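Here the structure comes first, spelled out in structure tokens, and everything after it is commentary.
The values are calculated or read from the model by the stated rules, or taken from the named source; none is laboratory data. Quick caveat, the model's predicted, so the values are computed rather than measured. Cβ placement follows ideal geometry from the backbone for every residue including glycine, while neighbour counts extend to all protein chains displayed. Accessible surface areas use protein heavy atoms only, side chains included; no ligands, DNA or RNA. Shrake-Rupley method; radii C 1.70, N 1.55, O 1.52, S 1.80 Å.
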Amino acid sequence: SDITVLDGIEKITGERPVFYKADVSVNADMEKVFNENKDAVAIVHFAAFKAVGESVQKPLMYYQNNIQGIINILSQMQQNGINNLVFSSSCTVYGQAELLPVTENSPILKAESPYGNTKKISEEIISDTVKSDKNLNVVSLRYFNPIGAHTSAEIGELPIGIPNNLLPFITQTAIGMREKLSVFGDDYNTPDGTAIRDYINVVDLAKAHVLSIQRLLEKKNLTNYEVFNIGTGKGTSVMEIVKVFETVSGEKLNYEITKRRPGDIEQIWADTSKANDILGWNAQESLENTIKSAWEWEKKLASLKTNKPD
Ligand code: UD1
């Protein structure tokens, strides 16, 4: 991410977050953060790497950061008597499921990438640790495909270099930073031949974390390790996303159909009944508004660049 995110958060919430520049995989760094915040009541752990392709190139970097990171956090929580954790997991743990939509009880398949494996292993580490420590309570949220930005356009996605993910690639193409979008494959066994995902608004996703923390603090969790799917329950194809983008932005998107991207699954979407019924969470924002928020954010970034003094 980028340090300017702190300014965006302050503008939205009116509060500047306490910030440490620290490496989650370095235990000494985590020791300092935890020692100086002994009154913390819960941890939300977002500090993992998430680029699938990069994880294939640099698996050790992914295992070091994502696995050592969760180990350090759990052990610092134990040492400091902090009992509540919300962990960012991923629908990647389901691989290409045979039955759709996937529920939290769908089989966990062998991971397709080192990134996916770090999420699977992290869930196992958490599950083993809560079994050995009855004080510890953890919620893992299995994110589907988070997209969009805060509606204020004060914070949003900041991909470093060429984006891997669909939405930032679309908005960067429309703004003129990329020549064209490659649609990876139109020969999938789906209605329009392009791959299907469950795209979830990032603010809706953020709210699932707030509810998870409340649940843990109010001790409403039914077991000391709970897992929830966080998606909309609806699958959308790549071409449908392109069409919605064109409608809400009024821009014509330059795209071409290319071959499939290695490692991509054909289709997945969530059964969200457990999150709806037990966590009390529902995805609320429409796909149209979500994609519009991503576009507003891209335009804001472009205007900041134009107005920047040399
Ligand atoms: C992947 C991971 C997911 C991870 C997420 C965050 C898997 C199976 N999925 O999601 O766990 O949390 O990244 O980084 O490991 N597409 C194009 N052209 C593009 C970019 C994407 O057609 O330029 C298509 C893809 O083929 C896919 C869809 O758009 O069908 C979404 O792709 P992407 O945004 O990269 O997310 P996933 O690969 O689904």
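Points to keep in mind about this one:
- For the pair the range 151-193 and the range 1-66, the centres of their Cα atoms are 25 angstrom apart.
- When the convex hull of its Cα atoms is projected in every direction, mean area for the range 175-257 (nm²): 8.1 nm²
- Modelled FRET efficiency - R0 25 Å, VAL18 with ASN135, Cβ distances, 0.05 increments: 0.50
- Cross-link pairs LYS21/LYS219; LYS50/LYS180; LYS110/LYS292; LYS58/LYS305 - those with Cα-Cα distance over 27 Å: LYS21/LYS219; LYS110/LYS292; LYS58/LYS305
- Efficiency of FRET between THR247 and LEU99 - r from beta-carbon atoms, R0 30 angstrom, step 0.05: 0.40
- Size of charge dipole - the range 29-175 - debye, nearest 20, with Cβ of Lys, Arg +1 and Asp, Glu -1, no other charges: 180 debye
- With the charge dipole of the range 167-232 set up from +1 on Lys and Arg Cβ and -1 on Asp and Glu Cβ about the Cα centre, the Cα lying farthest toward the positive end among the listed residues TYR188, VAL203, THR171 is that of VAL203.
- Assigned charges on the beta-carbon of Lys, Arg, Asp, Glu; the range 247-310 dipole about Cα centre (debye): 300 debye
- GNM result for the chain, Cα springs below 10 Å: residue of ILE200, ILE268, ILE241 fluctuating most strongly: ILE241
- Given +1 at the Cβ of Lys and Arg, -1 at the Cβ of Asp and Glu and no other charges, the dipole of the chain around its Cα centre is 260 debye to the nearest 20.
- Counting 0.36 nm for each residue step from ASN165 to VAL41 and taking away their Cα separation leaves a gain of 41.3 nm.
- Backbone amide hydrogens, once placed in the peptide plane, bring VAL44 within less than 5 Å of VAL86, excluding anything fewer than 5 places away on its chain.
- Sparsely packed loop sites in the range 69-178 (the GluC sites (Glu not before Pro) outside DSSP H, G, I, E and B with at most 14 other Cβ atoms within 10 Å) comprise GLU98.
- For the range 1-133, the residue among SER90, ALA47, SER113 whose Cα projects farthest onto the positive side of the dipole built from Cβ charges is SER113.
- Near VAL183, the amide H atoms lying under 5 Å from its own belong to GLU256, ILE257, THR258; only residues 5 or more places off or on other chains count, and H is placed 1.01 Å from N.
- Inverse of mean 1/r across different Cα pairs in the range 107-167, Kirkwood, Å: 14.9 Å
- For the range 217-222, backbone phi angles converted through the Karplus equation (6.51, -1.76, 1.60; θ = phi - 60°) give residue-by-residue couplings of 5, 8, 6, 8, 5, 7 Hz, Gly and Pro being listed as x.
- In the context of the full set of protein chains, the range 55-100 has a per residue accessible area of 42 Å² (1.4 Å probe).
- Rounded percent of accessible protein surface that carbon and sulfur make up, the chain, 1.4 Å probe: 53 percent
- Shown is the FRET efficiency for ASN80 and ILE175, computed with R0 = 30 Å from the Cβ-Cβ distance and rounded to the nearest 0.05: 0.10.
- Most mobile of PRO114, PRO59, PRO262 in a GNM of the chain (Cα contacts under 10 Å): PRO262
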